[in-house]
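Student: One structure follows; several queries about it will come next.
The values are calculated or read from the model by the stated rules, or taken from the named source; none is laboratory data. Everything numeric in this text was worked out from a predicted model, so none of it was measured. Glycine gets a Cβ as well: all are built from the backbone with ideal geometry, and neighbour counts include every protein chain shown.
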Amino acid sequence: MVIFFLPARNSNNNDRRLNAFLDDFRVWKRALSAEEVVAMQCIVAPNAAGLEANWKFNKDSGVAAFDQTAITHFAILNSMTDANWSTDVACAVDMAVNDVASAKTKIYPNPVKKGHDIHFVTKEKSATISLNDAIGKLVKTQKVSGEKASVSSSNLGTGLYIYKVQSTDNNIIDSRKTRVK
């Protein structure tokens with residue numbers, strides 16, 4: 001069971017909690033029709049019009065959830081333990097496979113052993129890679145030249161990180177997660 005604290009903007013009420021089982025948790029900037037909800041129950045593009053956040057919960061451990069959109073909202077899961085995770089989901093489609101297939105950046109190794117380099121290969125000849133930790137703090141940036149870049153993990157702690165690849169005109173090309181172990 002997952003319990004979420006969903007704070008309302010400008011609210012003094014700190015007792016808003018969701019006690020439920022979740023597979024995907026999405027936030028939209030608009031109301032969806034019933035047909036749209038059914039059509040997107042298992043798969044939604046990370047850049048879908050009006051999609052503000054999409055936490056997939058497709059891991060099997062941890063206390064953080066990562067937004068799959070380019071906006072990269074972070075979610076900390078309070079009172080979450082590895083025993084709370086379940087891979088028994090209603091959708092027959094493996095959404096993680098679709099995400100990897102649509103990725104515009106290749107990253108290896110993932111996960112990376114602490115102290116080793118994280119290698120990025122992108123179609124952009126000039127870009128910037130930024131790494132944020134699980135609470136959203138920027139921890140590293142690296143310029144891409146010639147479609148490749150390497151980032152040392154020696155100064156990073158173990159855990160999950162979100163990387164963003166941005167073009168020189170600040171368009172987000174790709175955003176995914178990586179882990180340092």
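Student: If a residue must be at pLDDT 80 or above, surrounded by 11 or more Cβ atoms within 10 Å (Cβ to Cβ), in a loop (DSSP other than H, G, I, E, B) and in contact with a strand residue (DSSP E or B) (Cβ under 8 Å, 6 or more places away or on another chain), how many such residues does the stretch 1-44 contain?
Tutor: 1
Student: Looking at (1) part of a loop (DSSP other than H, G, I, E, B); (2) modelled with pLDDT of 75 or more, which is the one condition that is false for residue 75?
Tutor: Here residue 75 meets the rest and fails (1).
Student: Is it fair to say residue 135 is crowded, with 19+ Cβ neighbours inside 10 Å and not assigned by TED's automatic domain parsing to the domain that holds residue 67? If you could, list the steps in order and put the result at the bottom.
Tutor: Numbers: crowded, with 19+ Cβ neighbours inside 10 Å: no; not assigned by TED's automatic domain parsing to the domain that holds residue 67: yes.
So residue 135 does not fit the description; no.
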